[in-house]
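One structure is given below, encoded as structure tokens.
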Amino acid sequence: MNCFVTGASGFIGANLVQELTARGHHVRALLRPSADTRALEGLKYEPVPGDVTRPETYAAALRGCEWCFHVAASYHLWLPDYRPMYETNVEGTRRVLQTAWSAGCQRIVYTSTVGCIGLPNPSGPPTPTDETAPVSEAQMTNHYKRSKWQAEQVARELAAQGAPVVIVNPSAPIGPRDAKPTPTGKIIVDFLLRKMPAYLDTGLNWVHVRDVAIGHILAAEKGRLGERYILGHADGNWTMRQTMETLAELTGLPAPRWQIPYPVALMAAYVDEAIAHFTGRPPRAPLAGVRMARYKMFFNPSKAIRELGLPQAPPRQAFLDAIEWFRAHGYVK
């Protein structure tokens, strides 16, 4: 297949390019002129200079592609101005999907996020939720989640009009090629550098980034049009304490001893953001991140496992692969 991939230089995008080319597919990768391409090192692909918000830069490259994977997104938990994030995540999604549909792509896979999936009440038991969990835009508690929610509605509207769109919602991927690194990868790097003296009582669904990449391909092959699929791990719902203990077992380094009370973290985030508004420098602990940490983001990926055949590499292996990649590429000594 001829494949078009936006966000190819990102964590999920680079692993998707790797998995596509390993299966013999040809990849055209949309890359901004300023893109950091370290994650794509050693991979074969056809670069397409352009921007998701400007279809004239990539419309010609989409012609002749059977599959389009729209992975690109602006992911920030704090910005002095959020308008560019909405332009990229919402309007950029509309333009990419419409252009791919007009170009005759047979499958268009849109990468959303589990942030658009409903969560249980934080005061109740942390029951994993699935694609059917009720949720509304009012529950999108920060600009990133709200922009991705609006983008997902664009994808669903186009699917209802006949566009061959399938939506995937990755949980918390970890593994190799996390060059920037992502917030999840930074947890591992900070742990390895002994920069994590304490942690919040939260939880995530960990999944190997390779499985997420393969999940995108399976969605193109088998996904039902207009449906969404959580790309996570059935046994990956870990509290942050479990995560720290696992990292300690795998590395031989001590786990942080202190758990920060949520009200203390919230107050610190308010102060940090107040300072950021004066300095223009991003806060170390954004308020949006602390608020999200109030919820244990546990998910049930059984639909993707059942309908797509989503692989389930053990989360411990995902952590091992991430640790090895960070060490091999100089993120830690």
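Residues that are modelled with pLDDT of 90 or more, surrounded by 24 or more Cβ atoms within 10 Å (Cβ to Cβ) and either part of a loop (DSSP other than H, G, I, E, B) or on the phi > 0 side of the Ramachandran plot (or both): does the stretch 163-173 have at least one?
yes
List the helices (runs of 4 or more DSSP H) inside the stretch 225-333, counting only whole elements, that have at least 1 residues being polar (S, T, N, Q), buried (at least 16 other Cβ atoms within 10 Å of the Cβ) and modelled with pLDDT of 95 or more.
Fully inside the stretch 225-333 and qualifying: 240-251.
Looking only at strands (runs of 3 or more DSSP E) that lie completely in the stretch 1-89, which have at least 1 residues being buried (at least 20 other Cβ atoms within 10 Å of the Cβ)?
Passing ranges, in order: 2-6, 26-31, 67-70.
Given the structure, is ARG194 surrounded by fewer than 22 Cβ atoms within 10 Å (Cβ to Cβ) and more than 17 Å from ILE174 (Cα to Cα)?
yes
Could you grab me the full set of residues in the stretch 64-117 that are acidic (Asp, Glu) and over 25 Å from ILE214 (Cα atoms)?
Scanning the stretch 64-117 gives ASP81, GLU87, GLU91.
Give just the number: which of (1) surrounded by fewer than 21 Cβ atoms within 10 Å (Cβ to Cβ); (2) modelled with pLDDT under 90 does ALA103 not satisfy?
(2)
Consider the stretch 183-211. How many of its residues are in a helix (DSSP H, G or I), aliphatic (A, V, I, L, M) and under 15 Å from LYS303 (Cβ atoms)?
Residues in the stretch 183-211 being in a helix (DSSP H, G or I), aliphatic (A, V, I, L, M) and under 15 Å from LYS303 (Cβ atoms): 0 in total.
The values are calculated or read from the model by the stated rules, or taken from the named source; none is laboratory data. Computed from a predicted structure; not experimentally measured. Counting neighbours? That spans all protein chains shown, and the Cβs are built from the backbone with ideal geometry, glycine included.
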